Structures are given as C-alpha cells and as structure tokens.
Amino acid sequence: MSRITATFDRLRASRRKALIPYVTAGFPFADITPSLMHGMVEAGADIIELGVPFSDPMADGPVIQKAGEQALALGVGMTQVLAMVRSFRERDGDTPVVLMGYANPVERYDLSHGAGAFIRDAAAAGVDGVLVVDYPPEECEQFAADLKAAGIDLIFLLAPTSTEKRMQQVARIASGYVYYVSLKGVTGAGHLDTAAVEQMLPRIRQHVKVPVGVGFGIRDAESARAVGRVADAVVIGTRIIQLLESQPRERAVVEAAAFLRGIRQALDT
C-alpha cells in the first residue's frame with residue numbers, strides 16, 4: 001500500500017479530510033524547501049505537493065509562475081528537487097510527497113540520465129506521487145505502469161469542463177487521488193463556487209474510486225471548510241506562495257505553518 005493510500009485510509013477512519021499544501025521547490029530561497037515541508041507537516045499537512053520549477057507553466061497563474069521563475073534563477077531543477085525530497089525523508093518517512101509539474105523536466109531528466117532515470121531516482125528519493133499537468137491519460141499508460149511498478153502513484157487533474165469520457169479515462173489509470181480543479185483558468189484565478197463543486201463531485205465519483213482533492217481558489221479557512229465538507233482533500237497553493245513572497249528567511253517557515261494551522265483547525269471543526 002502506498003503512503004498516499006495509507007494516509008487517506010487513516011483520515012477516513014477518523015472522519016477527517018486531507019490538507020495538501022503546495023509549494024514551489026526552491027522558493028522563496030533555494031535551500032529552504034525541506035524545512036518548509038517539515039513546518040507544514042507539523043502544522044497539520046497530510047500530503048505535500050512540491051512544484052517542479054518550469055519556464056512555461058501553462059496551468060499556473062502569475063503568482064506561481066513568478067515563484068517558479070525565481071526558483072529557476074536560483075538554479076533549482078529536477079535534480080535539486082529530488083535532493084530536497086531526500087533531505088526531507090531523513091526526518092520524515094511517513095508524509096507523502098507528490099511532485100507536481102510538466103512533462104518537459106521529466107523528459108529532460110531522462111535524456112540527461114538515461115531512460116527510466118526519473119522514475120528510478122524519484123522512487124529512491126522517496127517520492128510517492130507524480131502529477132504531470134500536460135500528460136493526458138490516453139497518452140501515458142506505460143508511464144503510469146512504470147510508476148506503479150516503482151511504488152509511485154500517478155495523479156491526474158479533472159476540471160469543470162471534463163467530459164464523462166475523460167473521467168473514465170482518468171479512472172482507468174489514476175491512483176492515489178485525483179485533483180479536481182474547481183475553476184476554469186489558471187491557479188489563483190477567479191472566485192470559488194462551492195455549489196458548483198458540490199454538484200461536480202458526485203459525477204466524478206461515479207467513475208473515479210480513488211479520493212478526490214479540490215484545489216484552485218481555496219484561500220482561507222472559510223473556503224477550505226466549505227470544500228472539505230464535500231471533498232476528500234483540500235489543496236492550497238497560491239495563497240501560500242503569496243504569503244511566502246513577503247517573508248524574510250527567518251519568518252518563512254513560521255508564517256506558512258501558522259497559516260496552515262488555521263486551515264487545519266477549520267477542516268477539523
């Protein structure tokens with residue numbers, strides 16, 4: 001059983017919802033990410049989504065794009081991201097870590113290190129899941145099988161525009177959880193319509209049997225609590241990045257943890 005599945009099973013048994021914060025690896029400082037991950041876990045995070053910096057992030061809004069650009073300027077790429085996961089695993093062997101990003105860094109890593117190197121090295125580092133935004137399910141069945149053989153879940157996005165056919169395609173090969181994008185557009189855009197989320201999740205669950213997390217547009221305790229009533233997990237990214245933008249090094253972990261404690265409390269009540 002994967003760490004992701006075990007985490008959702010444990011939360012389900014205690015009737016709690018998963019809190020999944022997203023941070024861009026190497027932001028706001030190249031060496032702060034493992035400490036930031038530990039701080040978020042101590043504040044109540046159940047799974048960490050770690051963004052792999054990329055120069056052309058099509059699904060990311062301006063806040064996360066800027067964070068990725070800053071991390072790239074600091075020399076953070078896939079090699080450094082995997083090193084951050086290894087460092088995190090020195091103290092935490094339980095919390096699932098999901099790499100979220102795009103096909104280009106994955107494929108470039110294999111070109112540089114040999115076929116299959118990304119999956120091999122991700123598994124060795126302690127990665128539990130991979131979400132590749134621009135890998136549609138119908139084009140990555142072998143990738144999914146190779147990840148599964150290495151003990152890594154392949155996670156997919158679903159959106160308000162997803163058809164029944166797309167949900168069926170995702171359901172066939174997705175594992176760990178699926179990530180429902182609650183808004184049309186990029187991260188950090190628009191206003192969260194919780195009523196629309198409530199209507200969509202039963203449709204998704206007709207096809208998808210793994211847990212469903214909801215992200216894009218969740219910014220505070222109120223929106224997290226509303227989504228947590230219907231979803232299995234709440235994903236928060238842009239708001240955390242915005243918070244970190246203005247923090248000096250000595251306050252970054254403290255402020256991120258304080259924010260997440262409020263979200264955790266809201267979900268648990």
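Coordinate-derived values only; no laboratory data. The shown structure was predicted, so the numbers you read here are calculated from the model rather than taken from an experiment. Cβ sites come from the backbone with ideal geometry, for glycine too, and all protein chains shown count toward neighbours.
The label point for residue 112 and the one for residue 242, both projected 7 Å from the Cα toward the Cβ, are 3.3 nm apart. Between residue 127 and any residue 5 or more places off or on another chain, the built amide H atoms are never under 5 Å apart. Taking the chain as a Gaussian network of alpha-carbon nodes connected by springs under 10 Å, the highest mean-square fluctuation of the residues 77, 217, 237 belongs to 77. Here the gap between residue 159 and residue 86, fully extended at 0.36 nm per residue and compared with their Cα-Cα distance, gives a gain of 23.1 nm.
Report the residue, chosen from 205, 172, 91, that carries the largest GNM mean-square fluctuation when the chain is represented by alpha-carbon nodes joined by springs under 10 Å. Ranking 205, 172, 91 by mean-square fluctuation puts 91 first.
Lys-Lys pairs in the chain that are eight or more residues apart or on separate chains and whose Cα atoms lie under 27 Å of each other come to 9. For the chain, evaluate the Debye formula with one uniform point scatterer on each Cα (no solvent term) and list log10 I(q)/I(0) at q = 0.11, 0.12 Å⁻¹, rounded to two decimals. Log-scaled intensity ratios, in q order: -0.54, -0.66. Shown in residue order for the range 28-35 are the 3J(HN,Hα) couplings computed by the Karplus curve 6.51 cos²θ - 1.76 cosθ + 1.60 at θ = phi - 60°: x, 9, 4, 9, 8, 4, x, 5 Hz (x for Gly and Pro). What FRET efficiency do you get for residue 138 and residue 220 if R0 is 22 Å and r is their Cβ-Cβ distance, rounded to the nearest 0.05? Working from the Cβ atoms, E equals 0.05. Fewest-first ordering of 36, 72 by other beta carbons within 10 Å of each residue's beta carbon gives 72, 36. For the range 101-108, putting each phi into the Karplus relation 6.51 cos²θ - 1.76 cosθ + 1.60 with θ = phi - 60° gives couplings of x, 10, 5, 4, x, 5, 6, 5 Hz, in residue order, rounded to whole numbers and with x for Gly and Pro.
Using the count of nearby Cβ atoms within 10 Å as a rough guide to exposure, how do 200, 1, 100, 58 rank from fewest to most? Let's see the in-between values first.
Values: 200 20, 1 7, 100 24, 58 10.
Ordered by Cβ neighbours within 10 Å, fewest first: 1, 58, 200, 100.
Within the range 122-149, what residues put their amide N at less than 14 Å from the label point 7 Å along the Cα-to-Cβ vector of residue 172? 136-145, by backbone N distance to the label point. When +1 charges are put on Lys and Arg Cβ atoms and -1 charges on Asp and Glu Cβ atoms, the dipole computed for the chain relative to its Cα centre reaches about 760 debye.
Could you list 55, 182 so that the one with the fewest beta carbons within 10 Å of its beta carbon is first and the one with the most is last?
Details: 55 11, 182 24.
In order of increasing Cβ crowding within 10 Å: 55, 182.
Only helices enter the 222 nm calculation for the chain: every DSSP H run of n ≥ 4 contributes -39,500 (n - 2.57), and dividing by all residues gives -15000 deg cm²/dmol, rounded to 500. Scaled to the globular estimate 2.2 N^0.38 Å, the Cα spread of the range 84-180, given as radius of gyration, is 1.10.
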